[in-house]
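Worksheet for the structure shown next.
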Amino acid sequence: MQSFLLSLFGKLVCLTAAISLAVPSSAFAAGREKASLPIVRDAEIESLVREYAQPILNAAGLSRSGIETVLVNSGDFNAFVLGRRIFVNTGAITATETPNQLIGILAHEIGHLAGGHQQRLREKLEGAQAIAIVAALLGAGVAAAGAASGVDGAPGVGAGIFSGGANMAQRSILAYQRGEEATADRAAISYLNKTGQSARGLIETFQILDRSNLFSGSQGRTYLSSHPMPRDRIAAIEEAARKSPSFGRADPPALVERHDMARAKIAAYNGGMGAVRRMFAKDPRGLPAAYGDAIATFLAGSTASALQKIDRLIAARPNNPWFHEMRGEILMAAGRGGEAARAYSQAMRLDRSNSGILKAEVGQALVSSGNPADLDKAVELIQAGLKDDPMNALAYRFLAMAYGRMGDVGRAELATAEGYWHGGAFRDAKIFAARAQQKLKPGTPAWRKAQDILSTKTR
């Protein structure tokens, strides 16, 4: 019985440790981690979300805490925090029509981080688990005593105590979570006020949740939900939000355009041309719609047409790094590595976020070009990208390819091992690290990296 309860509450930990804003649905080009959490890597969207989050992190006193934002390949309108990471579903980006709406979501999640809600939730779960176990043991004792004495109905009483104890623990956890959600909402209002941003977007996201009818049928049973009802959340914060001098402040047009560009990219990768047209039905000739159309054309396999479309966008916005990056991606897919490297290089020069992904992309294109004279530069750029972004699994693959073409098999196998390691495939990582060590000089930095992989214990 104890093991059953521990298993039950273990599942509850998995569900509730991801404290979220909550709602639903699509899929983007993504890498898949060992735990099946589909992570999207995109320099443009990552840069935008970090830019949204940074002022809020500063206001919350978390600017030096190493908080990361991670994009999740899911159409659900959701965001959550785990450890020192804020996970944002691509569906939350496409569902938010203004930057301010997504900023409101991020402010709420940062409220959870600043409030230490994850740690307190773990402590609450431990307490709830103890309540359920004590109730279960008591129920088992009553049932056993009743069976031994032959008293009719005693086993049923024991089952009732068991059930009541588990339900009480569950209600305790859910009520606690609703309280923390309300606390995070209030913290979000505070951070938005400190940064001179409107809280209107946060209220609008709750209105989106309310319209979704996800909570239909639960009226009168809010204690069974880990989140307060959207209307209750609006009522709780709307007065404070409207009193803010920044409530009526609108997003800058340039930022709205960038937000729509990100939405267009996700729509194109998720649903192709049809999704882009539905998203921008009110402005089919705008730049975001044209961007989504160019990407969808590329994904449909029309390289020449996609290049023409992206070149028109570059002519309209020559200093936009992401148009140049997309041009590089189109050329890379067409096997034109040298031209792709030039496009990626231009994107890297224009990028103000100093993205490690872009640096690695230049190196990857140089490897693909097949020119042996470019390999040293390719290795240098990929390593620079990995220094800024060590989780870029694709970059390790190209680094291994570059070393292989240079005849450095030991470093090629080490790069493969590191790629597996950062992808969560620890067993494969150790196999390649062992192979690398056999070819590397003992005591060198590369040999020690391989040793680190071999000696680190994993579960």
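Is at least one residue of the stretch 288-295 of a type in the set (Asp, Glu) and within 28 Å of Glu339 (Cβ to Cβ)? For the stretch 288-295, residues of a type in the set (Asp, Glu) and within 28 Å of Glu339 (Cβ to Cβ): present.
Inside the stretch 277-310, residues that are more than 15 Å from Met261 (Cβ to Cβ), surrounded by 16 or more Cβ atoms within 10 Å (Cβ to Cβ) and among the small types (Gly, Ala, Ser) make up a count of 1.
Checking each residue in the stretch 55-89 for being within 13 Å of Leu106 (Cα to Cα) and among the β-branched types (Val, Ile, Thr) picks out Ile56, Ile67, Thr69, Val70, Val81, Ile86, Val88. Of Gly407, Gly424, which residue is under 20 Å from Thr444 (Cα atoms) and in a loop (DSSP other than H, G, I, E, B)? Step by step, each of Gly407, Gly424 is checked, and only Gly407 is under 20 Å from Thr444 (Cα atoms) and in a loop (DSSP other than H, G, I, E, B). Filtering the stretch 311-326 to residues that are surrounded by 13 or more Cβ atoms within 10 Å (Cβ to Cβ) and not in a helix (DSSP H, G or I) leaves Arg317, Asn320.
Just wondering, is there one or more residues in the stretch 299-310 that are among the β-branched types (Val, Ile, Thr) and at pLDDT 95 or above? Yes: one or more hits. Can we say Leu399 is crowded, with 24+ Cβ neighbours inside 10 Å and either in a helix (DSSP H, G or I) or charged (D, E, K, R) (or both)? Answer is yes for this residue. Working only within the stretch 378-394, note down all residues that are in a helix (DSSP H, G or I) and surrounded by 21 or more Cβ atoms within 10 Å (Cβ to Cβ). Hits for the stretch 378-394 are Ala378, Val379, Leu381, Ile382, Gly385, Leu386.
When each of Gln119, Gln101 is tested for being modelled with pLDDT under 80 and out of contact with any Cys (no Cβ under 8 Å at 6 or more places or on another chain), the lone residue that passes is Gln119. Looking only at residues of the stretch 250-275 that are hydrophobic (A, V, I, L, M, F, W, C) and surrounded by fewer than 21 Cβ atoms within 10 Å (Cβ to Cβ), we find that the one that is nearest to Ile295 (Cα to Cα) is Met273. Of all residues in the stretch 422-449, those that are closer than 16 Å to Gln383 by Cβ and under 29 Å from the mean Cα position of the chain (by Cα) total 2.
The values are calculated or read from the model by the stated rules, or taken from the named source; none is laboratory data. All values reported here derive from a predicted model rather than from experimental measurement. Quick reminder, even Gly has a Cβ in these numbers, built from the backbone with ideal geometry, and neighbours come from all protein chains shown.
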